[in-house]
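Here's the structure, in structure tokens; my notes come after.
Coordinate-derived values only; no laboratory data. Every value quoted in this text rests on a predicted model; they were computed, and no experiment measured them. Heads up, the Cβs are rebuilt from the backbone with ideal geometry, glycines too, and the neighbour counts pull from every protein chain shown.
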Amino acid sequence: MIPAVLFYLFGAGTLATAACVVFGRRAVESAMWLIACFFFLSAEFLLLGFPFLAALQIMVYVGAIMVLFLFVIMLLGVQGVQPLRGRTAVTAGMVVAVMLASLGVIAAAGHAGLTEQPAPPDMDAMTRALFTDYLLPFELTSVLLVAAIAGALTLGRSPRTPDPAAPPEERP
Amino acid sequence: MIPTAHVHILAALLFGLGILGFLRQRNAIMLLMSVELMLNSANLSFLAAAREQGNVDGAMMPLFVLVVAAAEAAVGLALIIILFRKRVSLDVDLLRSLRD
Amino acid sequence: MDAPWIWLIPLLPLAGAAANGLLHARFLGAGGGAAPERRASWLGVGSVALSFGVCLAAFLRLLALDPEQRVLRASLAPWISAGQIDVAWSLAIDPLNAAMMLVVTGVGALIHLYSTGYMHGDRGFAKYFAYLNLFVAMMLMLILSDSLVGLFLGWEGVGLCSYLLIGFWYDDGEKADAARKAFVVNRIGDLGFLIGMGLLFWQTGSFSFEAVNDAARSGGIPSGLATVAGLMLFLGCCGKSAQIPLYVWLPDAMAGPTPVSALIHAATMVTSGIYLVARLADFFTFAPGVLPVIGAVGAATALFAATIGLAQRDIKKVLAYSTVSQLGYMFLALGVGAFGAALYHLITHAFFKALLFLGAGSVIHAMHHEQDMFRMGGLRDRIPVTFRTMTVGAFALAGVPLFSGFFSKDEILFLSAASGGGGWLLWAVGLTGAVLTAAYTGRLLALTFFGGPRYDTRKLTPHESPASMLTPLRVLAFLSVAGGLLGLPFHLFTPLHDWLHPVLGGAEAAARGEAQASAALEAVLMLLGGGAAVASLYLGWKRFVQDPGEGLLDPRRGALRHPAAAWHVDAFYTAFVVVPLKLFAAVCAAFDLLVVDGAVNFLAWRSRESAEGVRSLQSGGAPEYALWMAAGAVVLVAGLVFGAL
């Protein structure tokens, strides 16, 4: 009973903070709300029975990704208040978003649970799967991350400083 | 006892908010944050399904989404820095170079 | 017996190829030079030498096993697994391919070493070693694989390397053409190979050699089908091993660097057809009518190519036709069921033909890339080491008694004479070929090393090659003599045959049946063959040492004008195969341009016309695009939700 109550409580919190992200006017404030939203989501994961992912949510999203966002926002010293789009564009966006969300809600509400007593897979099964069936994708993520790092380095390099690693101009 | 359907509904609403943010905002950083919201709503749905079926496959997906999100944030923010260097603005509505 | 480490044998040269390939970029960047060359040499020679070391270890391991159980297996991973097809990355070493792999890596390492001297100063030095290492890796894959599919991978891989190396100096149009010719002619053979492989899989449900041989032994393959499959596989062998009618690419393949000719187009790759037939010895024995065809084609090729070899002016062309001819002897041996003798000749030939090619390379090196023997002469004092070692190789090729070629060729001729049926005819053809072989060998020695210089002595002073090139020559010269010890006549001492017996013994017994011959006959034939060879060698030498005989090759009046033009086979192919195909291609091209392209262009034009209307949607702003995308998602999800509910 208590988990269910907490679930709705945290769900409301998730939605509220997400709304603050979306309707926020300053990037720094939005980022802060997003961090709060991630904390609520992490709590939801915990309630659903995924403590490992809940921890990862905090560590990776809040600890790494959002810090990166904040760094960039601070670095660029972004303008005070955000301009919004023209009125028609915003209205069209809202209509589309509401339609999509309500469709999702309709689909989810019509979805009958398959099992009476849901049982989330335990940590043991998850780690086993990660290092057996999912070994190749898991290893490939490291390649993806290296590629992302290399890409970020290349993109972020200041164009003015000459590149010491570049090959000499003349070639036979 | 949390019904699976309600978790999916929460995910759908969260996704809608993400879409809304993506369409409403003009700041490139805000767009990326909206994308993070959408990714997280997908994670939520995956976990709901994994919980219902007691299946590890659904629980694996958020891990990979997490990695993709990290990579996306790194590259996306690097692009934003370049954008800022070139245009001194993050307003995506001022970018019209995708024409033709 | 499981031995996963044998995977090192092909993987070491493969790693060398990759490293040298990477080095090539640096090499170009640095503009060549001594240091990168040294690095490429170490990588290239070292990887093959290490592979040879592993081969030796595998050989010793086999030697320690019981003769009937001499096989090392290593399965790395599944490769193709679909339906009935189940092919793995797996190697199996038995006595047959153990002998082959020692030759490939041993001779290969020597030729790599030689190449470090020969290719010195070339812009593509690292690239050359990358290709050469890749070739060795692929050749080892071909030899060591335990299934037809793995063999085919190597088969195509060596074909690719051969193409790359023939066209190594691709900015010369003629050499690029020669590379293309080799590739295309080999495709014809490969088609046969694929058909044969498919038929065998259809009948036996497996690609593995053991399964095919077992099925053939137990009569599991219908005889008509076995004949067709056998002939198709033999067509593949004709392409790779340069037999009539697909031999035409090999003489042109001499456009590549000379060590390549030695390694690929004499010692190893071209023998893969012989290996394939020996590998499937049981199958070929039980496929009715295939072995006689192989024997006849081999004998015909042996004689035919020998006549052409007598009338060439290019030193490498002589050796090329000689290679075709010697491969013919090997097929002759296979055709009469003497599989062991074919392998014996394959090994001795690898030694002495590699030696001759490397010697020719040394001559060409000394003559500053002059290959015309009529522009040489009197080189024996100028390049004495090359002269001495090449003479050893020439004696082995000609079949002078006590040299290795004598024993192996003699065994083939004797066994074909003793095979009953048309055996005497095959023997006669083979002996005639052997006489011609000795004659053109004598001519080659006479024109190159004897007489007076026929080049401009003021401009050119031939000099002996560096030690890195002479060492392989000396080693191969030793092997060309000592190779005879692998199988002495009269069953005196036959280590090679004893070694191969567990693999090939059954097929040999089945193919040769009761055909046995007395030692007296063997002795008579041996005396006859040896005497004829020595006499012919001397006569050939004598005839051309006095007069180079350039007039004999004159295209209008020369006595040897037809063999000099390779019996006009290339002209025949051009007129009856190439030209009609080109005409057909022109018709296809016209159809493609007018009809196919026309239809596509019309569609494109219509699309553009109709697209003008929706062009305004493309505003160039990413947010609008996102809005449209989201709207599309709404439609899609609505369809899914209301369609499913």
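Find the relative contact order for chain C and round it to a whole percent, using C-alpha pairs within less than 8 Å whose residues are 6+ positions apart.
On the way: 1068 pairs, mean separation 76.5, N = 645.
Taking the mean separation of contacting Cα pairs over the length of chain C, I get 12 percent.
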- Message: Quick check on the stretch A:1-81: take the gyration tensor over C-alpha atoms, sort the square-rooted eigenvalues as a ≥ b ≥ c, and tell me if it's rounded (a/c under 1.5), prolate or oblate.
- Response: oblate
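How high is the relative contact order of the stretch A:1-81, given as a whole-number percent (alpha carbon pairs under 8 Å, six or more residues apart)? All intermediate terms of the calculation are to be shown ahead of the outcome.
Values: 65 pairs, mean separation 23.5, N = 81.
Value for the stretch A:1-81: 29 percent.
For the residues C:Met469, C:Met330, B:Met1, what sequence is obtained by ranking on other C-beta atoms within 10 Å, fewest first? Walk me through the numbers on the way to the answer.
Numbers: C:Met469 24, C:Met330 32, B:Met1 9.
The most exposed by this proxy come first: B:Met1, C:Met469, C:Met330.
Which whole number gives the average count of other chain Cβ atoms within 10 Å of the Cβ atoms across peptide C:626-637? Walk me through the numbers on the way to the answer.
Numbers: counts 8, 9, 2, 4, 11, 7, 1, 6, 10, 2, 2, 7.
Rounded to a whole number, the mean comes out at 6.
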- Task: Using packing as a proxy for protection, rank C:390-397, C:295-302, C:553-560 so that the peptide with the highest average count of other Cβ atoms within 10 Å comes first.
- Result: C:390-397, C:295-302, C:553-560
- Task: Take the alpha carbon gyration tensor of the stretch B:4-89, find the square roots of its eigenvalues, order them as a ≥ b ≥ c, and report rounded if a/c is under 1.5; if not, report prolate when a/b exceeds b/c, else oblate.
- Result: oblate
- Message: I need C:His463, C:His497 ordered by Cβ neighbour count within 10 Å, fewest first.
- Response: C:His463, C:His497
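Would you please put C:93-104, C:120-131 in order of how densely packed they are, using the mean number of other Cβ atoms within 10 angstrom per residue and starting with the highest?
Ranked from most to least packed, the peptides come out as C:93-104, C:120-131.
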- Of all lysine pairs in chain C that are eight or more residues apart or on different chains, those with Cα atoms under 21 Å apart total 15
- Task: Rounded to the nearest Å, what's the spacing between the alpha carbon centres of the stretch C:528-575 and the stretch C:232-263? Just the number, please.
- Result: 21 Å
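Report, as an integer, the average count of C-beta atoms from other chains found within 10 Å of each Cβ along C:205-211.
Details: counts 0, 0, 0, 0, 0, 0, 0.
Average neighbour count from other chains, rounded to a whole number: 0.
Please give the peptides C:372-380, A:31-39 ranked by average Cβ packing (other Cβ atoms within 10 Å per residue), highest first, as a rough proxy for protection. Walk me through the intermediate numbers first.
On the way: C:372-380: 19.1, A:31-39: 21.3.
Highest to lowest by the protection proxy: A:31-39, C:372-380.
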- Relative contact order (percent) for the stretch C:1-139, with alpha-carbon contacts under 8 angstrom and 6 or more residues of separation? 42 percent
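Let me know the mean shielding of B:78-87 by other chains, meaning the per-residue number of their Cβ atoms within 10 Å of its Cβ. Show your work: numbers first, answer last.
On the way: counts 10, 4, 7, 7, 4, 1, 5, 4, 1, 0.
The mean count of partner-chain Cβ atoms within 10 Å per residue comes to 4.
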- Put in order of increasing Cβ neighbours within 10 Å, starting from the fewest, A:Ile149, C:Ile364 give A:Ile149, C:Ile364
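Specify whether the C-alpha gyration tensor of the stretch C:437-595 places it in the rounded, prolate or oblate class, a ≥ b ≥ c being the square roots of the eigenvalues: rounded for a/c under 1.5, otherwise prolate if a/b is larger than b/c and oblate if not.
Working: a/c = 1.88, a/b = 1.21, b/c = 1.56.
Oblate.
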- Rounded to the nearest Å, the spacing of the alpha-carbon centers of the stretch A:119-154 and the stretch C:375-404 is 65 Å
